[in-house]
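The values are calculated or read from the model by the stated rules, or taken from the named source; none is laboratory data. None of these values were measured; they are calculated from a predicted model. We place every Cβ from the backbone using ideal geometry, glycine too, and count neighbours over all the protein chains shown. All accessible areas refer to the heavy atoms of the entire protein, side chains included, with ligands and DNA or RNA removed. Shrake-Rupley method; radii C 1.70, N 1.55, O 1.52, S 1.80 Å.
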Amino acid sequence: MMSSGDALKSLAHEAAMLPQEEMLEISRKKHSLFIGIPRETEFQEHRVALVPQAVALLVANGHRVIVETNAGKGAYFTDRDYSEAGAEIAFSHEKVYEADIILKVTPPSKKEIELMKHKQTLFSALQLTVQPEDTLRELMNKKVTAIAWDYIKDEHGVYPIIRSMGEIAGNASVLIAAELLSNVNGGKGMIMGGVAGIPPTEVVILGAGTVGSFAARNALALGANVKVFDNSVAKLRRLQNDLGTRIYTSVIQPKVLAKSLMRADVAISAIRAPHGRTPCVVTQEMVENMKQGSVIVDVSIDQGGCFETSKVTTHERPTFVREGVIHYCVPNIASRVARTASYALSNIFAPQVLEIAEGGGIERLIRSQRGFRHGVYIYNGTLTSSFLGESFNLPYKDLDLLITAF
């Protein structure tokens, strides 16, 4: 007679021999994505969201990429470059918008929104100052999930694409000013910086953020005498530490700023507002008192500009003269160096797309990453930006509450 212990062992053995219910490991399933890269239609926009090398990386990871013909032309990437990287080339705007994820540099036009599919995902700049209400309504009606790449944060709380574009704009602003100081461009015939025995060029920079920091670094490298103004003492202190040298810094006090501008050969505005328009800190009177033939580069013009005398210009006609001062007020400086800017965008977009795939889709990434969630302004057709909702009197909901409801 078997003991109770032996009986239990026998039953356990018999149970183990019976067919077992299949247990599947619960894990995140990698998604294969269908990505569309349309040709930018906005005036003088030459950048492209993904360069061919990034397309090759995505295709190698099992994703499908469709690129509109001539999408990379402005950055000197050919259709053949993209085709050899594994992309499909679309010869119509409509074909690209069959993709599930659209990667764009600029916000979509009304015509592009009409081409978009129901429940599509859109990555593009938000550009609050030019975002029309009907654009938002149409995106909401199509139940689109829209992510503003200029509002996505990384793990350190930094806006990576804004920083990259700011680095480009900061460096480019000094090179632009150097060109405009020369005789051939109507300037005073000065060289940026200086040579032995001749006083250096005086450069005033408004703003100590990324743009201002890189403008100061570039101007110093050329030998200029640099003064930086910002209302944040913490930013000014950080700038001093980053540059590794002592330069003139000051909070923005009108009398002190006016005196510095009177002596300046170049003034660069690099102030950004968190929302809406940048503060206009330089009055027309201050500009009138600047040297004849001096140069203003208003990098902040995309948010309204920091100089009262500024007005938007284009790459074709980038300057105008007012009060005897040359003004450069092109809002899209990064597009002036489209190839470099496209690489900078692509270096951030490509890893982000791979992360979406590895994480099991856009929904998972929105739920798991607060920094990425910060860029979402429409979620499945629901407006989640309080600023946009209040600005255009549109209904909106908190994204954190939305994702917990599903």
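Quick look at the values:
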item	result
Structure-based [θ]222 nm, the chain - -39500 (n - 2.57) summed over DSSP H runs of at least 4, per residue, nearest 500	-11000 deg cm²/dmol
Rounded accessible area of Ser109 (nearest 10 Å², 1.4 Å probe)	40
Cα-based Kirkwood hydrodynamic radius, segment 143-199, one decimal, Å	14.6
Accessible area of the chain belonging to carbon and sulfur atoms, whole % at 1.4 Å probe	53
Inter-site label distance for Asn231 and Asn393 at 7 Å from Cα along Cβ, in nm	2.9
Solvent exposure ordering (accessible area, 1.4 Å, most first) of Ile162, Ile271, Ile198	Ile198, Ile162, Ile271
Whole-number D in µm² s⁻¹ for segment 197-313, Kirkwood Cα-pair radius fed into Stokes-Einstein, 4 °C, 1.567 mPa s	91
Inverse of mean 1/r across different Cα pairs in segment 247-406, Kirkwood, Å	19.1
Between segment 295-309 and segment 84-159, the Cα center-to-center distance that results, in Å	28
Extension gain from Glu179 to Tyr76, taking 0.36 nm per residue of separation minus the Cα-Cα distance	34.7 nm
Listed peptides 393-399, 71-77, 85-91, 204-210 by packing density, highest first (mean Cβ within 10 Å)	204-210, 71-77, 85-91, 393-399
Average accessible area per residue (Å²) across the chain - probe 1.4 Å, nucleic acids and ligands excluded	49
Distance in nm between pseudo-label sites at Glu358 and Val312 (7 Å out along the Cβ direction from Cα)	3.9
Of all DSSP beta bridges in the chain, antiparallel share, percent nearest 5	20
Whole-angstrom gap from segment 35-80 to segment 351-391, using each part's C-alpha centre	23
Neighbour-limited loop hits for GluC sites (Glu not before Pro), segment 154-199 (at most 13 other Cβ within 10 Å; DSSP other than H, G, I, E, B)	Glu155
Low-density loop positions, GluC sites (Glu not before Pro), segment 320-393 - DSSP coil, at most 16 other Cβ in 10 Å	Glu323
Arg277 accessible area, assembled protein chains, probe 1.4 Å, Å²	130
Structure-derived Cα extents along the principal axes in Å - corresponding label in [x] 111, 53, 46; [y] 59, 45, 44; [z] 66, 45, 44	[x]
Most mobile of Thr319, Thr135, Thr69 in a GNM of the chain (Cα contacts under 10 Å)	Thr135
Sequence of Phe307, Phe320 from largest to smallest accessible area, 1.4 Å probe	Phe320, Phe307
